[in-house]
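In what follows, a single structure is set out as structure tokens and then discussed.
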Amino acid sequence: MAETEKLLKDLIALRSVNPAFLPEGHPDAGESRVAKFLGATASNAGLDVEFQPVAPGRSNIIARLSPKEKVQHRILFVPHMDTVPPSSEAQFNPCVSNGRLYGRGACDTKGSVAAMLTAIVSFAKNGGPLPKTEIIFAGVIDEENAQAGSRALVASGMRGDFAIVGEPTRLRVVTAHKGSVWLRFETRGKAAHGSCPNLGKNAVHEMARVVDFLETDYASQLRKRRHPLLGCATVSVGSIKGGTQPNIVPDSCFASVDRRTLPGETEKSVLSELRLLFKKRGLNPKIASEKSSFCLPMETDHRLPLAQTLLKIARQSAPLGVNYFCDASVLAAAGTPSVVFGPGDIAQAHTSDEWISLDSLNRATQMLLKFIQSLP
């Protein structure tokens, strides 16, 4: 649909880089330009629009197509508006080549934003509101960092019978994704002169033992835990820092760790498990979680009627799972059964030549419109 392509081009040109990745006060930071533009687009189509403040200068955009009678059902369409920084200024200038639309956010997830809002607006203009069901478009902020937008959405009491969260899934319906816990490890020793290491206690050496256990024995244990859609849980040591210079025995060392979780695992269960395992091995690192990075795993029953409807529209015989996490888990944990669906391929997300297939973009719009038309 030409409307979807035009909308996506406009969105790419509107910079909405997550402020977490830019210096304070950077002109490209924040989603406000995109939120205002989407609000105007939705309002012109007759949708009821509100802005939900989340952080200074950053708001979710909520657009409703409501029935004239009392709302009996509510369906949420939830893409995120923020992007990672561009690799060059050229990524803010959308261009089409060989059936692909290039630009920062093209697939992650301004393509989903464009497809979802175009489908809702098209239905509003040609089918009007549904008799029993309220359709809500919720463009959220901050998915790329700490999911502050979706967390604020559910904290406000927003719930639905079903939610479709926009991410580049190649038009496949995803009903499960892994969660993530970022952990910070600390070991302590005793400083001493490098010429007399026996007088000190080397915190880096202690951390080396911790890292070795995580990357070998613990990783092996996790490979034995398998989920039918998600495979195994994983652990990865991402960074390590200790000591100040060669001739000082280091008295402290820090490491950051990414632990990908499966349904049923929580931040608390991961921390308890690791503390017990370390104790058995005579290791005693301090362990803490990075609260802002914690995201639950998500699994939605694919047998739910609305999930089945979307699966049939996608001509998909079985549900899928993905390794990454997104806003779907936030919505699902709050009580809204959620799936992940959208145009584009995650392999293109965050790349220096990010692009989306125009065929995928248009098909997504048509499929979402068909889903809306199937609602009561």
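The values are calculated or read from the model by the stated rules, or taken from the named source; none is laboratory data. Model, not experiment: these values are computed from the prediction. Cβ coordinates were reconstructed from backbone atoms using ideal geometry, including for glycine residues, and neighbour counts include every protein chain displayed. We work out accessible area using only protein heavy atoms, side chains counted, and drop any ligands, DNA or RNA first. Shrake-Rupley method; radii C 1.70, N 1.55, O 1.52, S 1.80 Å.
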Close pairs from region 155-175: first at pLDDT below 95, partner of a type outside the set (Phe, Trp, Tyr) and in a loop (DSSP other than H, G, I, E, B), Cβ under 9 Å, at least 6 apart: none
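Can you pull out every residue in region 232-286 that is acidic (Asp, Glu), over 20 Å from Cys326 (Cβ atoms) and touching a Lys or Arg at 6+ places or on another chain (Cβ under 9 Å)?
The one that is acidic (Asp, Glu), over 20 Å from Cys326 (Cβ atoms) and touching a Lys or Arg at 6+ places or on another chain (Cβ under 9 Å): Asp251.
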Contacts under 7 angstrom Cβ, first residue in region 364-376 being more than 13 Å from Met116 (Cα to Cα) and open to solvent by 60 Å² or more (accessible area, probe 1.4 Å), partner modelled with pLDDT of 95 or more and not hydrophobic (A, V, I, L, M, F, W, C), 6 or more apart: Ser374/Thr309; Pro376/His73; Pro376/Thr133
Within region 253-362, helices (runs of 4 or more DSSP H) holding 1 or more residues that are within 20 Å of Ala148 (Cβ to Cβ): 267-280, 328-333
Identity of the residue in region 154-163, among the small types (Gly, Ala, Ser) and assigned to a loop (DSSP other than H, G, I, E, B), that ends up nearest to Ser32 (Cα to Cα): Ser156
So Thr109, is it at pLDDT 95 or above, β-branched (Val, Ile, Thr), closer than 22 Å to Glu31 by Cβ and out of contact with any Phe, Trp or Tyr (no Cβ under 9 Å at 6 or more places or on another chain): yes
Scope region 1-28; condition under 18 Å from Pro79 (Cα atoms) and among the hydrophobic types (A, V, I, L, M, F, W, C); matching residues: Leu7, Leu8, Leu11, Ile12, Ala13, Leu14, Val17
Failed item in (1) surrounded by fewer than 21 Cβ atoms within 10 Å (Cβ to Cβ); (2) assigned to a loop (DSSP other than H, G, I, E, B), with Glu186 passing the rest: (2)
Filtered residue count, region 18-59, keeping only those that are more than 19 Å from Ser150 (Cα to Cα), outside any loop (DSSP other than H, G, I, E, B) and open to solvent by less than 60 Å² (accessible area, probe 1.4 Å): 3
